[in-house]
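Just below is one structure, and these are the notes that go with it.
The values are calculated or read from the model by the stated rules, or taken from the named source; none is laboratory data. Note that the structure is a prediction, hence the values are computed from the model and not measured. Virtual Cβ from ideal backbone geometry, glycine too; neighbours counted across all protein chains shown. The area values use the complete protein model at the heavy-atom level, side chains included, leaving out ligands, DNA and RNA. Shrake-Rupley method; radii C 1.70, N 1.55, O 1.52, S 1.80 Å.
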Amino acid sequence: MAYVYDTQNIFAKILRGEIPNTTVMETDHTLAFNDITPQAPTHVLVVPKGPYVCYDHFALEASDAEIVDFNRVIGQICVELGIQPGEGGNGYRLISNAGSDGVQDVPHLHVHILSGRPLGRMLSRP
Ligand code: 5GP
């Protein structure tokens, strides 16, 4: 499957510095910033800087360096925010929505890190 990346999506604009963000962590390959509409006391979005639409696109086409960096940033944020379960924190949830069934609003891969309150069961039935 050949994904077509929309360069005008809101996270592309954030990555180009056209829209402000509250940065949590930045590396050569990855940017993490606070969600503008937080669903929990901690709600961080982690995005690769490269033009990847969703998780499978990134997992299949990104370089090893990008993939390692992205995952290390998620781990480091968990440490910095003190949300690691059993390490003084109460845990967290990672979500990465993809496509229409996944209800992905922004077509640039992002992982949501949610924490700071009990998050309920993984899914509720419609
Ligand atoms: P999705 O539904 O695509 O998984 O999640 C998109 C997320 O992006 C939502 O949680 C939404 O609140 C967040 N978001 C949308 N526009 C902006 C923005 O301009 N800045 C920030 N920081 N977050 C945004």
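For the residues Met122, Met25, a 1.4 Å probe over the protein chains yields an accessible-area ranking, largest first, of Met122, Met25. Helix 64-81 axis versus longest C-alpha principal axis of the chain: approximately 30°, rounded to the nearest ten. Relative contact order for segment 11-77: 29 percent, from Cα pairs under 8 Å spaced at least 6 residues apart, divided by residue count. Inter-part distance, segment 5-31 to segment 49-72, computed on C-alpha centroids, equals 15 Å. Over the chain, accessible surface divided per residue gives 62 Å², non-protein components excluded, 1.4 Å probe.
Scaled to the globular estimate 2.2 N^0.38 Å, the Cα spread of the chain, given as radius of gyration, is 1.05.
Amide H contacts of Tyr52 (H built 1.01 Å from N, in plane; Pro and chain starts excluded): Leu109 sit under 5 Å, all sequence-distant by 5 or more or on other chains. Taking amide H as placed 1.01 Å from N in the peptide plane, the amide H of Leu31 sits under 5 Å from that of Val47, Lys49, each at least 5 places away or on another chain.
Loop sites here are trypsin sites (Lys or Arg not before Pro) outside DSSP states H, G, I, E and B with no more than 12 other Cβ atoms within 10 Å. The longest part of the chain free of them is 17-120. From its DSSP helices (H runs of at least four residues, each -39,500 (n - 2.57)), the chain gives a residue-normalised ellipticity at 222 nm of -7500 deg cm²/dmol. Taking chymotrypsin sites (Phe, Trp or Tyr not before Pro) in DSSP loop states with no more than 16 other Cβ atoms inside 10 Å as exposed sites, the chain has its longest site-free stretch at 6-126. Across the chain, C-alpha contacts under 8 Å between residues 6 or more apart give a mean separation that, scaled by the residue count, equals a relative contact order of 29 percent. Overall, the accessible surface of segment 39-89 at a probe of 1.4 angstrom is composed of carbon and sulfur to the extent of 51 percent. Across segment 86-126, the relative contact order, built from alpha-carbon pairs under 8 Å that are at least six residues apart, equals 44 percent. Per-residue Karplus couplings for segment 43-59, computed as 6.51 cos²θ - 1.76 cosθ + 1.60 with θ equal to phi - 60°, are listed in order as 8, 10, 9, 10, 10, x, 6, x, x, 10, 6, 7, 4, 5, 4, 5, 4 Hz, Gly and Pro entered as x.
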